[in-house]
Every structure is written in structure tokens, then in C-alpha cells.
Amino acid sequence: MYAVVEIAGQQFAVSPKQTVSVPLLDQQVGDTVEFTNILVASDNGKVSVGAPYIKGSVKAEVMNHGRSEKVLVFKKKRRKGYQKLNGHRQNFTTLKIKDISI
């Protein structure tokens, strides 16, 4: 069984007992979160496609919050003496999928 769920404006393919990193959510560690925006779901080979969503829910537990690796952005214009280096670390939340009900 798997489902494609919309979480914080992004789509994630999830299945039970899977851990997934999503953009930062306003939840405490240990809280249970329920997502109802299910786009596609499969149960024993039977695939359901929503228009736009399927009725059901995906329940997950917040495991931790963190920051990803630093991404360096380097800009340069040749022969002009222009160089710029920026760094960025994205915040994320790790979820453990508990149950998918359709």
C-alpha cells in the first residue's frame, strides 16, 4: 500500500512505516499529524486517482526537526571582477508514517 500525499505544497510518495523528510511543520516532536490531501493511492494493486483529492487520511508522527546540509551558490561574471558566494540551509521535519486509510 502506498499513497501520494501533498504536504506543505509538495508531493511525497509514502507507505506505512516509512520515514520521510518534509519542509518544516509547526508541530512538536512526538505529535501525531493527519494529512487529508491524498492525490493517488494504491491498495493491493487497485489504484485510485483523485480529482483532485481522494477521501481518506495519512497519519504520521513527528520524529524530529533539523537543518539540511549547506548549499553553496556561487555567482561570477567573467572579466568584471564580480564574485558572490551565498550559503543556505533548509529547515526540515522528519515524519514516520503510521497509517494510510482510504
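The values are calculated or read from the model by the stated rules, or taken from the named source; none is laboratory data. Quantities reported herein were computed from a predicted structural model and do not represent experimental measurements. Ideal geometry is used to build each Cβ from the backbone, glycine not excepted, and the neighbour counts take in all protein chains shown.
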Legend entry - Residue check, PHE74 surrounded by 15 or more Cβ atoms within 10 Å (Cβ to Cβ) and of a type in the set (A, V, I, L, M, F, W, C): no
Inset, instruction - Can you tell me which residue within segment 43-53, out of those that are touching a residue at least 12 places away in the same chain (Cβ under 8 Å) and either within 17 Å of PHE92 (Cβ to Cβ) or of a type outside the set (Phe, Trp, Tyr) (or both), is surrounded by the fewest Cβ atoms within 10 Å (Cβ to Cβ)? - result: ASN44
Legend entry - Filter result for LYS84 (exposed (fewer than 10 other Cβ atoms within 10 Å of the Cβ) and not aromatic (Phe, Trp, Tyr)): yes
Legend entry - In segment 1-39, residue nearest to HIS65 (Cα to Cα) [restricted to those that are among the charged types (D, E, K, R) and over 14 Å from the mean Cα position of the chain (by Cα)]: ASP31
Legend entry - Set PHE74, PHE92: member being under 16 Å from the mean Cα position of the chain (by Cα) and of a type in the set (Phe, Trp, Tyr): PHE92
Inset, instruction - Identify the residue in segment 74-86 that is among the basic types (Lys, Arg) and in a loop (DSSP other than H, G, I, E, B) and, among all such residues, is nearest to GLU6 (Cα to Cα). - result: ARG78
Inset, instruction - May I ask you to verify whether ILE102 is in contact with a Ser or Thr (Cβ under 9 Å, 6 or more places away or on another chain) and at pLDDT below 95? - result: yes
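Just to be sure, is GLY87 on the phi > 0 side of the Ramachandran plot and not hydrophobic (A, V, I, L, M, F, W, C)? If you could, list the steps in order and put the result at the bottom.
Numbers: on the phi > 0 side of the Ramachandran plot: no; not hydrophobic (A, V, I, L, M, F, W, C): yes.
Answer is no for this residue.
Is at least one residue of segment 87-95 closer than 15 Å to ILE7 by Cβ, in a loop (DSSP other than H, G, I, E, B), among the polar types (S, T, N, Q) and free of Cβ contacts under 8 Å to residues at least 24 places away in the same chain?
For segment 87-95, residues closer than 15 Å to ILE7 by Cβ, in a loop (DSSP other than H, G, I, E, B), among the polar types (S, T, N, Q) and free of Cβ contacts under 8 Å to residues at least 24 places away in the same chain: absent.
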Legend entry - Output for segment 16-42, where each listed residue is touching a residue at least 24 places away in the same chain (Cβ under 8 Å), within 14 Å of SER101 (Cα to Cα) and exposed (fewer than 13 other Cβ atoms within 10 Å of the Cβ): LYS17, GLU34
